[in-house]
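The values are calculated or read from the model by the stated rules, or taken from the named source; none is laboratory data. Computed from a predicted structure; not experimentally measured. Every residue, glycine among them, receives a Cβ derived from its backbone with ideal geometry; neighbour counts consider all protein chains shown.
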Amino acid sequence: MSQLFDAEGRVTPVTMVRAPFNTVLLVRTPERDGYAAIQVGMGERKAKRINKAQKTHFDDFGSFRYVREFRLKNGTDGVLARGERINAAVFAEGDMVKVSGISKAKGFQGVVKRHGFHGAPATHGTKHAHREPGSIGGGGGRAGGRVARGMKMGGRMGADRVTVKNLKIIKVDAAENLIAVSGAVPGRRGTLLEIRG
């Protein structure tokens, strides 16, 4: 993350996102495939790690590390042809976007951190149980002597696909393939992100 200043001197916290070229690998049409979509490849991988089917599909465009497909709402009219490249210049300053990615993994966490439980009081005889979850039901109650499905308990936290909406693009540097997005985005440094208008 970083920060940028506008003409009035107001500061805006931003996340600097590197947006390397995406190459169009396939354009799906409703007539042939039943839906409209565009498939793009990005990044580089060792050529020996790509199987024959992928080599044929990638053609001479490169050895891509990531391949993703995006549905198109308005059909394939005006869509780039196979082999053409997309860069950061498709976005402009002031665009509102949503950013999706895999959030940071936090390992096994208790109910206080994972679900925001308050825990037990710090006084009135509480010993060694300040962050415990408390009763989980059981008995002859609502679940009939078993733990109800979906009960909030400790467990693995994070590493989920998260989408943050209504983020504003503050600056675009097409020469360096950098996009400055207002606020924070999901994931750690180096996470693969989807930026959609």
remark   = Given the conditions (1) in contact (Cβ under 8 Å) with a residue 12 or more places away in the chain; (2) surrounded by fewer than 15 Cβ atoms within 10 Å (Cβ to Cβ), every one holds for Ile102 apart from (2)
key: Residue match in segment 106-119 (condition: over 26 Å from Val162 (Cα atoms) and not aromatic (Phe, Trp, Tyr))   = yes
request  = Identify, from the list Arg131, Arg156, the residue that is more than 30 Å from Asn22 (Cβ to Cβ), in a loop (DSSP other than H, G, I, E, B), out of contact with any Asp or Glu (no Cβ under 8 Å at 6 or more places or on another chain) and not β-branched (Val, Ile, Thr).
outcome  = Arg131
request  = Please indicate, with yes or no, whether at least one residue in segment 90-98 is out of contact with any Pro (no Cβ under 6 Å at 6 or more places or on another chain) and surrounded by fewer than 11 Cβ atoms within 10 Å (Cβ to Cβ).
outcome  = yes
key: Criterion: touching a Leu at 6+ places or on another chain (Cβ under 7 Å), among the charged types (D, E, K, R) and surrounded by fewer than 18 Cβ atoms within 10 Å (Cβ to Cβ) - qualifying residue of Arg32, Arg18   = Arg18
Selection count where residues are closer than 20 Å to Lys168 by Cα and assigned to a helix (DSSP H, G or I), scope segment 82-128 = 3
Considering residues of segment 47-74 that are under 19 Å from the mean Cα position of the chain (by Cα) and not in a loop (DSSP other than H, G, I, E, B) only, the residue farthest from Gly101 (Cα to Cα) = Arg71
ask   = Exactly one of (1) small (Gly, Ala, Ser); (2) modelled with pLDDT under 90; (3) touching a helix residue (DSSP H, G or I) at 6+ places or on another chain (Cβ under 6 Å) is unmet by Gly119. Its number?
value = (2)
request  = Give the residues of segment 180-194 that are in a strand (DSSP E or B) and either at pLDDT below 95 or of a type in the set (D, E, K, R) (or both), sorted by residue number.
outcome  = Glu194
note = Flagged pairs (Cβ under 8 angstrom, 6 or more apart or on separate chains; first in segment 117-137, over 19 Å from Met151 (Cα atoms); second surrounded by 13 or more Cβ atoms within 10 Å (Cβ to Cβ) and among the hydrophobic types (A, V, I, L, M, F, W, C)) are Thr126/Ala120; Ala129/Ala120; His130/Ala120
task = Would you please list the contacts, defined by Cβ atoms under 7 Å and residues six or more apart or on different chains, that run from a residue in segment 59-85 that is touching a residue at least 40 places away in the same chain (Cβ under 8 Å) to a residue that is part of a loop (DSSP other than H, G, I, E, B) and of a type in the set (Val, Ile, Thr)?
result = Thr76/Thr29
Count of residues meeting criterion [touching a helix residue (DSSP H, G or I) at 6+ places or on another chain (Cβ under 9 Å) and surrounded by 15 or more Cβ atoms within 10 Å (Cβ to Cβ)] in segment 139-197 = 5
inquiry  = Return the residues of segment 96-131 that are under 22 Å from Gly190 (Cα atoms) and of a type in the set (A, V, I, L, M, F, W, C); say none if nothing qualifies.
reply    = Val97, Val99, Ile102, Ala105
message = Suppose the filter is on the phi > 0 side of the Ramachandran plot and touching a Leu at 6+ places or on another chain (Cβ under 9 Å); does Gly83 pass it?
response = yes
